[in-house]
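Chemist: Just dropping this structure here.
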């Protein structure tokens, strides 16, 4: 039962990661209301990011070089205009965060300390304290948001349905705030709800991040792009925790070596770039070694060794808490869901296919990442496109009156755990028609039992798009279709999901 109705003359922003908070700051002086399901700095992937922000910040680099690396990693599906925008605006986005107080590592002359990560041709990743970029950047942005008179933040507030008027325009949100249902009539809604990691049994992202924004948008009729493309970080620390701690890509940039339990360095068997191959290649290599019973360990004892506590404190702490001393012992690793390249289809200013709806950050699909995200482009995308979405929302007028709406159902925890196991088993690093068909059956049965919960809707879109893409590309690898044959993006709506998919070239 709806207990309160309010009108808010400005954007309502769902999610309080870097994209959402950047959008709120950019919308000023227009009022912005941020709804966060958890306290700020918790429950969002931005705060957990270790690697840093990639941008052409040195004299030896250029946006065009960054763009070329992004396009190469994206395996033929990147939108060149989106990539050009990201890489051109990227340096100023990093500098803007530094001006807010983000304490990026600096050289003695004041220049950024830049690190090399996999699939980058240049050292261009600005870091904080080795592996603390996300938390430090978020601390600075949160301080700015708290100080902004135009921004109101409601914590422990969760979206339960998007509200639409008689024309289909998104005009607000039905939210659960402090246990009460509140209908918020607003000028626009910006989705910044993060990715889909919590839909999988093994993930490096917060458990709360499980595709709800994607599902809510799809239920409202929005177009979804590329949902089948899920990135698996190769080196989650395999110590049986949920979520799994992350061993940052930067370790391999520093020279850490992947070995099997026999001590043999195995990456040369899979790619000429060895440890610095694209993430999807490294993830499949580790998956293959583990599946063959040989295991996988990240050996940084020589590359980092005694410097671990100072250079990579988060990784060091996670390892030591499990009785592993990475200064003298290799780290057991496994692929884990880390990022979703797909999401709500948007233009370059964050506009979704439904009027009044915008999206930014991981829950959006701008076309920047294509089939496989380049390392450390995620925080950059959140900052660049979050700001663009906020500026658009600043100028949107109020729409019509919301039509009556009921909250979407929740998926019971037992059913969620069944879904997570099925997603990891059948829509994981290696996929095939048999497994994906089995997964669709599991999802459909759960929808019959529990209704159209947004988490189930998101999972269903991933599974159906993966089943329809009969090729291997980027983060999507089909054992039964190992060749790359279809360099076209997927565009899908909830209504079209069961009937078939429309590709960009059609």
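Chemist: Give, as ranges by residue number, the residues of the range 154-174 whose backbone N falls under 19 Å from the point 7 Å along Cα→Cβ of residue 5.
Modeler: Within reach of a label on residue 5, which here means backbone N under 19 Å from a point 7 Å along Cα→Cβ, the range 154-174 contributes 160-174.
Chemist: To continue, here is another question. First check a/c for the range 251-295, with a ≥ b ≥ c the square roots of the eigenvalues of its C-alpha gyration tensor; if it is under 1.5, answer rounded, and if not, answer prolate when a/b is larger than b/c or oblate otherwise.
Modeler: In terms of gyration-tensor shape, oblate.
Chemist: Can I ask one more? Against the longest principal axis of the chain, how steep is helix 433-450, in degrees 0 to 90 to the nearest 10, with axes from Cα atoms?
Modeler: It is inclined by approximately 40 degrees.
Chemist: Here's something else I'd like to know. Show that you can apply the helix-only estimate: for the chain, add -39,500 (n - 2.57) for every DSSP H stretch of four or more residues, divide by all residues, and state [θ] at 222 nm to the nearest 500.
Modeler: -10000 deg cm²/dmol
Chemist: Stretch residue 109-residue 272 to full length: gain in nm at 0.36 nm per residue minus the Cα-Cα span?
Modeler: Gain in length upon complete extension: 55.1 nm.
Chemist: Under a crude label model (7 Å from the Cα following the beta-carbon direction), how far is residue 42 from residue 495 in nanometres?
Modeler: Output for this residue pair reads 4.1 nm.
Chemist: Moving on to the next point. Cut-off is 10 Å between beta-carbons; in what order do 328, 237 appear when sorted fewest neighbours first?
Modeler: Listing 328, 237 from fewest to most nearby Cβ atoms yields 328, 237.
Chemist: Which value, in nm² and rounded to one decimal, describes the direction-averaged projected area of the C-alpha convex hull of the range 104-229?
Modeler: 11.9 nm²
Chemist: Calculate I(q)/I(0) for the range 361-506 by the Debye formula, one identical point scatterer on each C-alpha and no solvent, and give its log10 at q = 0.08, 0.11, 0.15, 0.19 Å⁻¹ to two decimals.
Modeler: Here log10 of I(q) over I(0) equals -0.29, -0.55, -0.98, -1.27.
Chemist: Can you give the FRET efficiency to the nearest 0.05 for residue 484 and residue 99, using r as the Cβ-Cβ distance and R₀ = 41 Å?
Modeler: Rounded to the nearest 0.05, the efficiency is 0.45.
Chemist: Oh, and also: Let me make sure I get this right: for the range 233-335, a, b and c are the square roots of the gyration tensor eigenvalues over alpha carbons, sorted descending. Under 1.5 in a/c it's rounded, otherwise prolate if a/b > b/c, else oblate. Which is it?
Modeler: The shape class here is prolate.
Chemist: Using the reciprocal of the averaged 1/r over all distinct C-alpha pairs, how large is the Kirkwood radius of the chain in Å?
Modeler: Kirkwood radius, the chain: 22.5 Å.
Chemist: Expressed as a rounded percentage, what relative contact order does the chain have, with Cα pairs under 8 Å and six or more residues apart?
Modeler: 23 percent
Chemist: Ranking 152, 311, 434 by Cβ neighbours within 10 Å, fewest first, what do you get?
Modeler: 434, 152, 311
Chemist: Arrange the following residues from fewest to most other Cβ atoms within 10 Å of their Cβ: 267, 53, 423.
Modeler: Ascending number of Cβ neighbours within 10 Å: 267, 423, 53.
Chemist: Can you give me the angle between helix 378-394 and the longest principal axis of the chain, using Cα atoms only, in degrees from 0 to 90, rounded to the nearest 10?
Modeler: Between helix and principal axis, roughly 20 degrees.
Chemist: Taking every DSSP beta bridge that has both residues in the chain, what percent is antiparallel when rounded to the nearest 5?
Modeler: 60 percent
Chemist: Determine which residues of the range 388-423 fall in the zone a paramagnetic label at residue 169 would reach in this model, i.e. backbone nitrogen under 12 Å from the point 7 Å along Cα→Cβ.
Modeler: 396-402
Chemist: Continuing with this model, one more query. May I ask for the angle, rounded to the nearest 10°, between helix 279-291 and the longest principal axis of the chain, with both axes built from Cα atoms and the value confined to 0 to 90°?
Modeler: Orientation of helix 279-291: about 70 degrees from the principal axis.
Every read-out reported here was derived from the displayed coordinates using simple, explicitly stated rules and does not represent laboratory data. Because the structure is a prediction, the values reported are computed rather than measured. With ideal geometry, Cβ positions are generated from the backbone for all residues, glycine too; neighbour counts draw on all protein chains shown.
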